[in-house]
Amino acid sequence: MASAEFLVELGRDSHRVHVGCGLLEDIGGLARSAGLASGRCALITDFNVSRLYAKPVLENLECYGFHPQLIEIAPGEHSKSLALLEQVYEQLAGAELERNSTIFALGGGVVGDLGGFAAATYLRGLPVVQIPTSMVAQVDSALGGKTAVNLRDAKNLVGAFYQPRLIVADVAALGSLPEREFREGLAEVIKYGAIMDEGFITWLEQEMSQILARETDHLAEIVVRSLRHKATIVERDEREGGLRKILNFGHTLGHALEASTAYGSYLHGEAVAIGMAAAARLSTRHAGLPAYDTERLRKLLAAAGLGTDLPGGWLTGDFIRSLRLDKKRRGDEVEFVLLDRLGHALTRKLTIEEIVKGAEA
Ligand SMILES: NC(=O)c1ccc[n+]([C@@H]2O[C@H](COP(=O)([O-])OP(=O)(O)OC[C@H]3O[C@@H](n4cnc5c(N)ncnc54)[C@H](O)[C@@H]3O)[C@@H](O)[C@H]2O)c1
Ligand SMILES: [Zn+2]
């Protein structure tokens, strides 16, 4: 597969997704085909991505009659702040954007979430084009319409559901991603297989060496299959009423692990991989997932270079402490996403005791 495109069907908010190689050199054409008005617009990106990819994007936009103002932010999670958002608003104002001017968000999940939220709110909403460049952004954050910034102690607390007008994922950009960030993104890819597509798990098992070698066709296949799966869920549950919760497979323990290590030791996907391996063990105990499949999932995560073991003593220490403080917890129970078979997820309430007993390797 060299390239693919499909529609995310959300009524008036429906939009196309393009996945392929070399698409950064055709952003202007794709934006015009999506019906976006040329003229003034903004390209938000971070310094790392700007150095690598802003030039071809700016040039192509100009070719199609767009006049982009480049807005660069510092790379990293701390840029998802209200202070930085205010600076972005000031620059949008300086560029004299109007109600039909487009914001192009070129970068990883940080740029996508911040740029998306700026677009959702500036002038009460401007069209936004998501141009994800990291693995996490290409297989997950660019699609779904969740945009947000962080408060000092709480991630993603200020945000909006706001759908992009177009998503363009150029898999060639994944070639420059640092190894750790690349592998981290594979955790979310494996997640889609685990919760909704056993055939995808089988394909990932067979093709992992080509994937790790970042062969373009394999990357396109991964991104398309992941985004199609996410689109299927978002189409049925745009605002996270029920079904969308299964996307949190591996995330209850993963988030707790990230939080208890002050977001210093694990990248998000690394923590989610460990969380998924533990959730699979819990699934064998509480949802009938065959032990053989729990081991299959663990092996696949390991083949992708991801850890699968919780740190010793963590469950009975930091984890219990963090759950006791968790305001969303009802009584002694936590809602958990489990698998009853590989490729199918369900939610179950588990007691803290059941989690601690069943999640240990
Ligand atoms: N909105 C959602 O549904 C959703 C889903 C998942 C994650 N997120 C958010 O996404 C963020 C994490 O995203 P991320 O992992 O992409 O982080 P990121 O945006 O910080 O990117 C990671 C690093 O890779 C660099 N980078 C990006 N693309 C590159 C490329 N092609 N070549 C070289 N370097 C590149 C960036 O400059 C950065 O240093 C978090 O803030 C998270 O909350 C949002
Ligand atoms: Zn995640």
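Within straight-line reach of Lys191, meaning a Cα separation under 24 Å, sit the following lysines at least 8 residues removed in sequence or on another chain: Lys146, Lys155, Lys230, Lys245, Lys299, Lys328, Lys349, Lys357.
Kindly identify the chain as rounded, prolate or oblate by the Cα gyration tensor criterion: order the square roots of the eigenvalues as a ≥ b ≥ c, call it rounded if a/c is under 1.5, otherwise compare a/b with b/c, prolate if a/b is larger, else oblate. Verdict is prolate for the chain. The packing ranking of peptides 119-127, 7-15, 43-51, highest mean first, is 43-51, 119-127, 7-15, where packing means the average number of other beta carbon atoms within 10 angstrom of each residue.
You can think of it this way: the chain between Arg32 and Arg152 has 39.4 nm of extra reach, that is 0.36 nm per residue less the Cα-Cα gap. Which listed residue (Tyr89, Leu257, His229) has the Cα farthest towards the positive end of the charge dipole for the chain, taking +1 on Lys and Arg C-beta and -1 on Asp and Glu C-beta about the Cα centre? Going by the Cα projections, it comes out as Leu257.
Here the simple spin-label model places points 7 Å from the Cα toward Cβ, and for His344 and Arg321 these points are separated by 4.1 nm. Potential lengthening of the chain between Thr351 and Tyr292 amounts to 18.8 nm, from the contour at 0.36 nm per residue minus the alpha-carbon distance.
Once you reduce the stretch 35-76 and the stretch 210-282 to the center of their Cα atoms, the two points are 28 Å from each other. Each of Leu166, Val189, Thr202 was scored by the projection of its Cα onto the charge dipole of the stretch 148-227, and the greatest displacement toward the positive side belongs to Leu166; charges sit on the C-beta of Lys, Arg, Asp and Glu. By definition, a body whose alpha carbon gyration tensor gives a ≥ b ≥ c is oblate when a/c is 1.5 or more and a/b is not larger than b/c, and the stretch 45-121 fits this oblate description.
Surface listing: Ser33, Ser81 arranged by accessible area from highest to lowest gives Ser33, Ser81, probe 1.4 Å.
Taking amide H as placed 1.01 Å from N in the peptide plane, Ile73 has its amide H under 5 Å from the amide H of Thr45, Asp46, Phe47, each at least 5 places away in sequence or on another chain.
With all protein chains in place and a 1.4 Å probe, the accessible surface of the stretch 96-189 carries 49 percent carbon and sulfur. Taking a straight line from the alpha carbon of Lys55, these aspartates and glutamates sit under 14 Å away, with near neighbours fewer than eight places off in the same chain left out: Glu25, Asp26, Asp46, Glu72. Per residue, the chain exposes an accessible area of 42 Å² to a 1.4 Å probe, with every protein chain left in place.
Our summary gives the chain a relative contact order of 15 percent, counting only alpha carbon pairs under 8 angstrom and 6 or more residues apart. Given q = 0.14, 0.17, 0.22 Å⁻¹, what are the Debye log10 I(q)/I(0) values for the stretch 31-87, with equal point scatterers placed on the Cα positions and solvent ignored? With no solvent term, the Cα-only Debye profile gives -0.45, -0.63, -0.88. When the solvent-accessible area of the stretch 283-361 is split by element, carbon and sulfur atoms take up 49 percent of it, the probe being 1.4 Å. With a simple spin-label model that places each label point 7 Å from the Cα along the Cα-to-Cβ direction, the separation between Leu212 and Glu333 comes to 4.2 nm. Remark: the Cα gyration tensor places the stretch 267-343 in the oblate category, a/c being 1.5 or greater and a/b not exceeding b/c. Nonpolar atom fraction for the stretch 229-282, defined as the carbon and sulfur part of the 1.4 Å probe accessible area, stands at 49 percent. Computed from point charges on the beta carbon alone (+1 for Lys and Arg, -1 for Asp and Glu), the dipole magnitude for the chain about its Cα centre is near 880 Debye.
The values are calculated or read from the model by the stated rules, or taken from the named source; none is laboratory data. None of the values given here were measured: they were computed from a predicted structure. We place every Cβ from the backbone using ideal geometry, glycine too, and count neighbours over all the protein chains shown. Keep in mind that these areas ignore ligands, DNA and RNA; they rest on the heavy atoms of the full protein, side chains included. Shrake-Rupley method; radii C 1.70, N 1.55, O 1.52, S 1.80 Å.
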